[in-house]
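A short write-up of the structure that comes next.
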Amino acid sequence: MSQIKTVGILTSGGDAPGMNAAIRAVTRSAIYSGLKVKGIYRGYRGLITDEIVDFKTQNVSNIIQMGGTILKTARCKEFETPEGRQLAYDTLKQHEIDSLVVIGGDGSLTGARIFASEFNFPIIGLPGTIDNDLFGTDKTIGYDTALNTIMECVDKIRDTATSHERLFFIEVMGRDAGFLALNGAIASGAEAAIIPEISTQVDQLAELIQNGFRKSKNSSIVLVAESPVTGGAMGLAERVKNEYPGYDVRVSILGHLQRGGSPTAADRILASRLGSAAIDALLEDQRNVMIGIRNDEIVYVPFSKAIKNDKQIKPELIDTLRRLSI
Ligand code: F6P
């Protein structure tokens, strides 16, 4: 029998659509299993500044459809110090919280891993980031919604790109991972995606121009993953102006609109399954694992693997985009 009685829940790092559905699932599954739940506001910062409230089932009513996170979120520098983590531990003890569910991306799970090993504290992580860059899970919470947002934006930009016969570089988020750019390009029928994963191997821009990608088309759309490695949309547009002045080039940086909006059904279901599984994992005395989903099955991924191993882009996807953009 597990000794766990009270679960604290927090969201940390960049928000992602579906985080609320995850908060709801963790809260309700915990209460269903006879546990108490405490909501911690503003991520790890709320542990240091003691922003903690009791959560009942009603606290999570009517939130499954909402973007953002009702618990707020933060990137907390103080938690990166031993002193900050000691304060956080003291707060947990005061509130009699004996386990944590942390919803966030790799930075948040890195913090969880350090804290869990320092204080021998049970923590379960949920992959909450639009970037989809956590190893061991096929999808992260928020990724599908962000992908759909990107697709809708590109559809709109295509109207003006076609009318003016322009080349557009559209920069999407991903923090050094190309999942949003590559799958966003496939979903929106873009000509190419410039992603960090292959930027060091080939000059993707030169390849694009040399392949004569624009010859038979009156406009072109290229999705660019934000990253110093790709040069970003601005950097690529600058290169085109200097190296290939024949093109009428424009840039659009989608930015934070990719993080907002009501989560898709896929994200709500993913968050609900992962949130529910987080409580099962705690009750099974699992600790320091991220709950993921692989081939439609729930899996437990040790924090060290989820964070450190690079999630690979499937070459098949790169090939698909190439074939379909001729
Ligand atoms: O990790 C999620 C993410 O949206 C990245 O794609 C992006 O690089 C970063 O967060 C932006 O962070 P901030 O909102 O702190 O500027």
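The values are calculated or read from the model by the stated rules, or taken from the named source; none is laboratory data. Keep in mind it's a predicted model, so treat the numbers as computed, not measured. All Cβ positions, even for glycine, are placed from backbone atoms using ideal geometry, and neighbour counts span all protein chains on display. When the accessible area is computed, the model is the full protein with side chains, heavy atoms only, and any ligands, DNA or RNA have been set aside. Shrake-Rupley method; radii C 1.70, N 1.55, O 1.52, S 1.80 Å.
Quick one: net charge around Ile293, please, counting Lys, Arg +1 and Asp, Glu -1 for every other residue with C-beta under 11 Å from its C-beta.
The answer is 0.
With only Lys, Arg, Asp and Glu charged, each at its Cβ (+1 for the first two, -1 for the last two), find how big the charge dipole of the chain is about the Cα centre; round to the nearest 20 debye.
440 debye
Can you list which of the trypsin sites (Lys or Arg not before Pro) found in region 1-106 are DSSP loop residues with at most 14 other C-beta atoms within 10 Å?
Passing both the DSSP loop test and the Cβ count: Lys5, Lys56, Lys77.
Could you pull out every residue, at least 5 positions away or on a different chain, whose amide H is within less than 5 Å of the one on Phe55? Hs are placed 1.01 Å off N in the peptide plane, and Pro or chain starts have none.
Val37, Lys38, Gly39
Which log10 I(q)/I(0) values, to two decimals, does region 1-87 give at q = 0.10, 0.17, 0.20, 0.22 Å⁻¹ under the Debye formula with one point per Cα?
Debye curve over Cα of region 1-87, log10 I(q)/I(0) at q = 0.10, 0.17, 0.20, 0.22 Å⁻¹: -0.26, -0.71, -0.92, -1.05.
Ordering Ser2, Ser33, Ser163, Ser220 by how much accessible area each has at a 1.4 Å probe, largest first, what is the list?
Largest accessible area first, the residues go Ser163, Ser33, Ser2, Ser220.
Between Thr200 and Lys305, how high is the FRET efficiency from 1/(1 + (r/R0)^6) when r is the Cβ-Cβ distance and R₀ = 22 Å? Nearest 0.05.
Details: r = 24 Å, r/R0 = 1.09.
My answer for the efficiency is 0.35.
Obtain the nm distance between the two label points defined at Glu316 and Lys93 by a simple spin-label model: each point lies 7 Å from its Cα along the Cα-to-C-beta direction.
According to this spin-label approximation, the distance is 5.2 nm.
Give the dimensionless ratio obtained when the Cα radius of gyration of the chain is divided by 2.2 N^0.38 Å.
Values: Rg = 21.4 Å, N = 326, 2.2 N^0.38 = 19.8 Å.
Dividing the Cα radius of gyration by 2.2 N^0.38 Å gives 1.08.
By how many nm would the segment from Asp54 to Glu83 lengthen if fully extended, with 0.36 nm per residue of separation less the alpha-carbon distance?
So the chain would gain 7.9 nm between Asp54 and Glu83.
Applying the Karplus parametrisation 6.51 cos²θ - 1.76 cosθ + 1.60 with θ = phi - 60° to the phi angles of region 188-202, what ³J(HN,Hα) value in whole Hz is obtained for each residue in order, glycine and proline being reported as x?
Once rounded to whole Hz, the list reads 9, x, 6, 6, 6, 10, 9, 10, x, 4, 10, 5, 7, 8, 9.
Could you give the C-alpha radius of gyration of region 1-157 expressed as a fraction of 2.2 N^0.38 Å, taking N as the number of residues it contains?
1.05
Looking at region 231-288, which GluC sites (Glu not before Pro) are DSSP coil and have at most 11 other C-beta atoms within 10 Å of their C-beta?
For GluC sites (Glu not before Pro) across region 231-288 that sit outside H, G, I, E and B with at most 11 neighbouring Cβ atoms in 10 Å, the list reads Glu284.
Filter Lys156/Lys314; Lys38/Lys77; Lys72/Lys311; Lys156/Lys308; Lys5/Lys72 down to the pairs with a C-alpha to C-alpha distance above 30 Å, please.
Among Lys156/Lys314; Lys38/Lys77; Lys72/Lys311; Lys156/Lys308; Lys5/Lys72, the Cα-Cα distance tops 30 Å for Lys156/Lys308.
Mean residue ellipticity at 222 nm from the helices of the chain, using -39,500 (n - 2.57) per DSSP H segment of n ≥ 4 over the full residue count, to the nearest 500 deg cm²/dmol?
Calculated from helices alone, the mean residue ellipticity at 222 nm is -13000 deg cm²/dmol.
Starting from the coordinates of the alpha-carbon atoms of region 72-143, obtain the Kirkwood hydrodynamic radius over all distinct pairs and give the value in Å to one decimal. Don't skip to the end; give the middle numbers.
Details: mean 1/r = 0.0770 Å⁻¹.
Over region 72-143, the inverse of the mean reciprocal pair distance is 13.0 Å.
In region 124-215, what trypsin sites (Lys or Arg not before Pro) fall in a loop by DSSP, with at most 10 other Cβ atoms inside 10 Å?
Listed in order of number, the matching sites are Lys215.
Determine the sum of side-chain charges near Asp133: Lys and Arg each +1, Asp and Glu each -1, restricted to other residues whose C-beta is under 15 angstrom from that of Asp133.
-1
What is the local net charge at Val7, summed over the other residues whose Cβ is closer than 10 Å to its Cβ (Lys, Arg +1; Asp, Glu -1)?
Every neighbour counted, the sum reads +2.
Against the longest principal axis of the chain, how steep is helix 106-119, in degrees 0 to 90 to the nearest 10, with axes from Cα atoms?
Roughly 30 degrees between the two axes.
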